[in-house]
Every structure is written in structure tokens, then in C-alpha cells.
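Okay, so here's the structure we're looking at.
The values are calculated or read from the model by the stated rules, or taken from the named source; none is laboratory data. Nothing here was measured: the structure is a model prediction, and the numbers come from that model. Ideal geometry is used to build each Cβ from the backbone, glycine not excepted, and the neighbour counts take in all protein chains shown.
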Amino acid sequence: MSTVGILGGGQLARMLALEGAPLGVRFLVMDAVADACAGQFAPMVVGDYTNQTALAEFASRIDVATFDFENVPAASARWLTERVAVYPNPRALGTAQDRLAEKTLFRELGIPVPPFATIDNRAQLDAAIAEAGTPCILKTRRLGYDGKGQFRIRSSADADAAWDALGAQADKVGLILEGFVAFQRELSVVAVRGRDGEFRTWPLTENWHVDGVLSASLAPAVLPPALAETACAYARQLAQALDYVGVFALELFCRDGELLANELAPRVHNSGHWTIEGAETSQFQNHLRAVLGLPLGSTRMVGHACMLNWVGAMPDAAPVLAEPGGHWHDYGKEPREGRKVGHATLRAESVDALSTALERVGNALGREAQVAPVITRLQDA
Ligand code: ATP
Ligand code: MG
Ligand code: MG
């Protein structure tokens, strides 16, 4: 029986452990905090990701290492590869950790991207704003998540405020300025590549964010098939270029029928949580199959699915549990503003049935605004 080591003990590690149990996989989680929520289901090594003693103990007890947390220092990932198999490989991880490196790779592969420029000082910021035009977004190159480490620049008059907010990060994690994409939709491709190069994607997902945090995901996205094929082709190119093993998500903006790549998440992804109940094989199980060198499972969808994220605190479970296709996930985390504490997935045979289920749940929980854009999209279908 193999033991999979997971760096990072959040909800992604927790769902990997839950989905891996039927495969007979054992887990060991490493996290800097002892109360990480995956620790409720898997033994833990508590330690900083740069702590060699903790890393050495972790490595000695596992057969293969993978990540729930994309910002494990690349040096620690490389150190581990000398002791144990690590998937995805540290080069893939390192590329996806740095917005400049990932956007440069997208461009090299011919995948369209918004205009972008690296920013090392204030003068470069002014020049880049002039070049990209406004609106635009200043982001940290590394360590950002859930929209943190970003400043939206509406006009060149905002340059001072943007520099006040993020300028100090230029020497620490680097900065990048990106043109603002007036997209109609945000999409993601969740994809998996096996050790043998076998590649699969789940049906394309449409995503809605509130304050930079994912709020809802709908699959399959209501889209022309040619667009979905293009998105999957981009994901395949990236997987091959990075010799990627495991699950990843490619986030895309869709503007006037054109796809622009935003970022690559080198791990199982929030926009793929619907696959637990909505697909033949979930992203979590396929990630484990990939890193263990097992055959990949079918990514075929079972009906239509919508995932709703619970941010801050868990709502009442009853309205979701009362739905025939309602599924509840409570991550067992302490409530905290802005924190992802759980999600629900509603699954239905038809677009109409999904739409009415969303309406019932939205009304019962006072979450009409969260479900409204999804219902509107389903009604267009
Ligand atoms: P995640 O939690 O997905 O890792 P993140 O903090 O890495 O998020 P991004 O995905 O870059 O950040 O941005 C968060 C959200 O902000 C995007 O999903 C999108 O809604 C918006 N956004 C980011 N960049 C742009 C852009 N260039 N143009 C328009 N909107 C953008
Ligand atoms: Mg990100
Ligand atoms: Mg993102």
C-alpha cells in the first residue's frame, strides 16, 4: 500500500485523503499549523516547508509527494526530489508559482494572454501603465491567492495608490502589471496528465468570482464546442511543455469569443470540486491515480453540476441536503472572514432541473445573489 505525502493540509488535501481512501492509499500531510483541516483524516508532520528536519521526516515516511499548497518553496520541492518521487515536478511548480514565468510560457506556446510587464520600480510602473493603458491590474508575481496582492488601476492617477499598496513587495516577491480584460466569462479547464503522458480534461467549467474569491462554478459551461476544444488544446500544450503529472487548472478569460489565459494552478482546483459528484472520476481521485502511476479514470460528466462556495461561515445545510442532487462539504474549519470553509454541489439531469434547484437553495439560504448569474446562464442555454 502506497503512502502519498501532501505538502499543505487544507481542504484540498482533506478531499484528496477522502477520495483516496477507497483506493487503499495512505496519506501523510505536512503543514505549518497543527490544526490544518486535512489533519482530521490523515496523520501529520507539523513544520515549516523550509524546515529540513521536518521535510526529512516527511520524506522518510512516504512513497510519493504532491501538493495541496502551490507556494511550497521550489528549493524544498527540489530537495525532496532527491529523496522521493515528487509530482508535479518542481519546474512545473516553479513556473506556476510566478505570474511572469507562467505568462511567458503561455506566450511562447502561442496561448493568448493580456498585455503584461514586470515592474521593478516606480518608473517602470508609470511606463507600463502608459503602454498597457487603463484600466489595468498590478499584482504580486508570487504568493497571491483569492485576489490578494492585487491593485486595480482605473486611471494613471491611481499609480501612487497602487505603488503605496504594493511597491514594498517589488523586492520581495516581484510585481507584474497586466492589462484589464473586459471579459464576458471566466472559464477553467481542469485537466490531468498521467506519468505515461496520458492526458484528459473534464468538461469546461464557467466560474464566477466575488471580491476575487470563487463564488460559483457551472459545468459543463454553456459554450460553443469549438471554444471548449481550444481551451483543452491549450491545457494539453501546457501539460506537455511542463512534463506535468497530476491535476492542474488553467484559468481563462473569454472576451468576444476569444480566450486569454490568466493563470495555471498546479494542483487540484476549487473550480473542479463539482467533479466529486458530477463526474465519473473526480479530480481528487484522478490526481492520486496520476501521481501513483495508476490508470486514469473517465472524466465524463454525469448530468449538469453547480458548485457554490461557502466563504466566511457555513450556512444551514438542510436546504441543500433536501435536494435530490444536493451534496454538502464542510471542511471542518473555524469560521473567519474571507476564508473558504465549505461548498455544496447541486447535480441534476437537465439544465432546467439544475436551475430550479439553484433557485430553491438560493431562496432558502438568502443567497439569491450567489445563484443568480448561474441561473441566468442556464436560462440562456
Ligand atoms: P486564485 O484564487 O484563482 O488563485 P489569484 O489571487 O491568483 O486567484 P487571479 O486569478 O489572477 O488571482 O485574479 C483573481 C480574479 O480577479 C480573477 O479570477 C478575475 O476575476 C480578476 N482578474 C484578475 N486578473 C484580471 C485581468 N487581467 N483582467 C480582468 N480581471 C482580472
Ligand atoms: Mg492564483
Ligand atoms: Mg485565479
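So, in the range 34-89, of the ones that are within 16 Å of ligand 2 (Cβ to nearest atom) and either in the same structural domain as A290 (by TED's automatic domain parsing) or closer than 22 Å to N286 by Cβ (or both), which residue ends up surrounded by the most Cβ atoms within 10 Å (Cβ to Cβ)?
P88
Show the residue pairs meeting these rules: Cβ distance below 9 Å; 6+ apart or different chains; first residue within the range 135-149 and under 13 Å from D211 (Cβ atoms) and of a type in the set (D, E); second residue within 10 Å of ligand 2 (Cβ to nearest atom) and at pLDDT below 95.
Matching pairs, first to second residue: D146/G212.
Are any of the residues in the range 97-107 more than 23 Å from R193 (Cα to Cα) and within 26 Å of the chain's Cα centre (by Cα)?
Of the range 97-107, the ones more than 23 Å from R193 (Cα to Cα) are 100.
Applying the additional criterion that residues be within 26 Å of the chain's Cα centre (by Cα) yields 100.
Taking every residue of the range 97-107 in turn, at least one turns out to be more than 23 Å from R193 (Cα to Cα) and within 26 Å of the chain's Cα centre (by Cα).
Check H209 against each of (1) closer than 30 Å to A77 by Cβ; (2) touching a Lys or Arg at 6+ places or on another chain (Cβ under 7 Å) and name the one condition it does not meet.
Every listed condition holds for H209 apart from (2).
Which number in (1) surrounded by 23 or more Cβ atoms within 10 Å (Cβ to Cβ); (2) more than 18 Å from the chain's Cα centre (by Cα) marks the one condition that A348 misses?
(1)
Please verify whether L227 is in a helix (DSSP H, G or I), more than 13 Å from the chain's Cα centre (by Cα) and more than 16 Å from ligand 1 (Cβ to nearest atom), treating the condition exactly as stated.
Numbers: in a helix (DSSP H, G or I): yes; more than 13 Å from the chain's Cα centre (by Cα): yes; more than 16 Å from ligand 1 (Cβ to nearest atom): yes.
For L227, the condition - in a helix (DSSP H, G or I), more than 13 Å from the chain's Cα centre (by Cα) and more than 16 Å from ligand 1 (Cβ to nearest atom) - is met.
Could you please let me know if A261 is aliphatic (A, V, I, L, M) and within 26 Å of G8 (Cβ to Cβ)?
Details: aliphatic (A, V, I, L, M): yes; within 26 Å of G8 (Cβ to Cβ): yes.
Yes.
Of all residues being buried (at least 22 other Cβ atoms within 10 Å of the Cβ) and of a type in the set (S, T, N, Q) in the range 271-289, which is nearest to ligand 1 (Cβ to nearest atom)? Just the residue, please.
S271
Test L177 against the stated conditions and say whether it is within 16 Å of ligand 2 (Cβ to nearest atom), in contact (Cβ under 8 Å) with a residue 40 or more places away in the chain and under 18 Å from F253 (Cα atoms).
On the way: within 16 Å of ligand 2 (Cβ to nearest atom): no; in contact (Cβ under 8 Å) with a residue 40 or more places away in the chain: yes; under 18 Å from F253 (Cα atoms): yes.
The answer is no for L177.
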